[in-house]
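Each reported figure results from applying straightforward, stated rules to the coordinates on display, with no laboratory input. Here the structure is a predicted model, which is why all the values come from computation and not from measurement. Cβ sites come from the backbone with ideal geometry, for glycine too, and all protein chains shown count toward neighbours.
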Amino acid sequence: MRLDVITLFPDYLAPLELSLIGKARREGLVDLVVHDLRDHTHDRHRTVDDTPLGGGAGMVMKPEPWAEAFAAVRDRGQEGLGADVEPLIVFPNPAGTPFVQATAQEWSHCEWIVFACGRYEGIDERVYEHLADAGYEIALASLGDYVLNGGEVAVLAMTEAVVRLVPGVVGNAESLVEESHSDGMLEYPLYTRPAAWHDPVGVVREAPGILLSGDHGRIAAWRREQSVLRTGRRRPDLLGPADGDGAPD
Ligand SMILES: CN1CCCC[C@@H]1Cn1ccc2ccc(-c3n[nH]c(N)c3C#N)cc21
C-alpha cells in the first residue's frame, strides 16, 4: 500500500514514523510519503490562502497549489506503481461521510491513497471539481462530529486505522477479529494476571472465574454475551432497531 499525505504541516505526521506504522514502513509493507503543500507555491510569500470571494470570515485555500501538488504526487506515485494505477483521494472534512471501521476495512484494500489535509476555512471548491472531472475517485471523510483546525489529526487516525488492517502489520491477525467495532460490536471486558488483585485501598478484585476454567467454548460464549451486554449498554445504536421487547435484537 502506498500512502501520500499533502499538508502544510509535514511535522504533524511525524507520529506515523513510530510504533506499528513505522515498523510497517520500515518492513516495506507500506510506503508513506508526506508532501509540503507550500513546495507547490511560487510567489515570494509562498501563498496558499486568500480571503473568501463574496466576503466572510477566515481564509480559503487557493486552488493553484493543490492542483500542482496533486499532479506532482500522481506522477511520483505512478513512477513506482505504474502509469495505470490511480489513487483514492481522501479529504478529511467535517462535512464528510463518517469514518468508521467499515471505512478502514474498505480502504485497507486500496493500493494507493492520497490524503489531502485542508486548513483555514477549507479548500476552494474548484479543486474538488477539477479532480472529479479528471476522473479521480474522491472521498470526503469525517473523523467525528466536532471541529478540528485542519485535516492532519484525522489523517493520523485514519492512517492508523487503515494500515493496521494491512496483512502482516499486526503480528497476531486474530486480535483484529475480536476487537471493538471489528464485527459491529464492542469488545468484551479484558482481564490479565493477577486473577485476584488487591487494589490500593485493600479491595480484593477477582477476575471472572470462567476465564480460569480452561473451557474455551464456555469462555467464548461468555465473551460473546459480554460483548452484547456492553454494546447494548454503551452503544445500542450498533445493535440496530429494537423489536419493542426491550432486549437488544
Ligand atoms: C475550523 N475550520 C472552519 C470550519 C470547518 C473546518 C475548518 C478547519 N478545517 C479545515 C480543513 C479541515 C479538515 C478536517 C476538519 C475536521 N474537523 N472535524 C473533523 N472531524 C474533521 C475531519 N476529518 C477540519 C478542517
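Angle of helix 152-163 to the longest C-alpha principal axis of the chain, folded into 0 to 90 degrees and rounded to 10: 60°. For the peptides 61-70, 23-32, residues were scored by their other Cβ atoms within 10 Å and the scores averaged per peptide; the highest-first order is 61-70, 23-32. Beta-bridge orientation, the chain: approximately 20 percent antiparallel, per DSSP, counting only bridges with both partners inside. Grab the eigenvalues of the alpha-carbon gyration tensor for region 2-173, scale each by 5, take roots, and send me the semi-axes largest first in whole angstrom. Its equivalent ellipsoid spans semi-axes of 27, 18, 15 Å. In region 1-50, the C-alpha radius of gyration followed by the widest Cα-Cα span (Dmax) gives 13.7, 41 angstrom.
Of the peptides 153-162, 138-147, the ranking by mean beta-carbon count within 10 Å, highest at the top, reads 153-162, 138-147.
Over the residues of the chain, the helix contribution to mean residue ellipticity at 222 nm works out to -9500 deg cm²/dmol, using -39500 (n - 2.57) for each DSSP H run of at least 4. As a rough footprinting exposure proxy, the listed residues Cys110, Cys117 were ranked by other beta carbons within 10 Å of their own, and the order from fewest upward is Cys110, Cys117. Close amide H pairs (under 5 Å, H built 1.01 Å from N) link Glu137 with Ile89, residues at least 5 positions away or on another chain. For region 185-239, a Kirkwood hydrodynamic radius built from all Cα pairs, placed in the Stokes-Einstein relation at 37 °C and 0.692 mPa s, yields a translational diffusion coefficient of 260 µm²/s.
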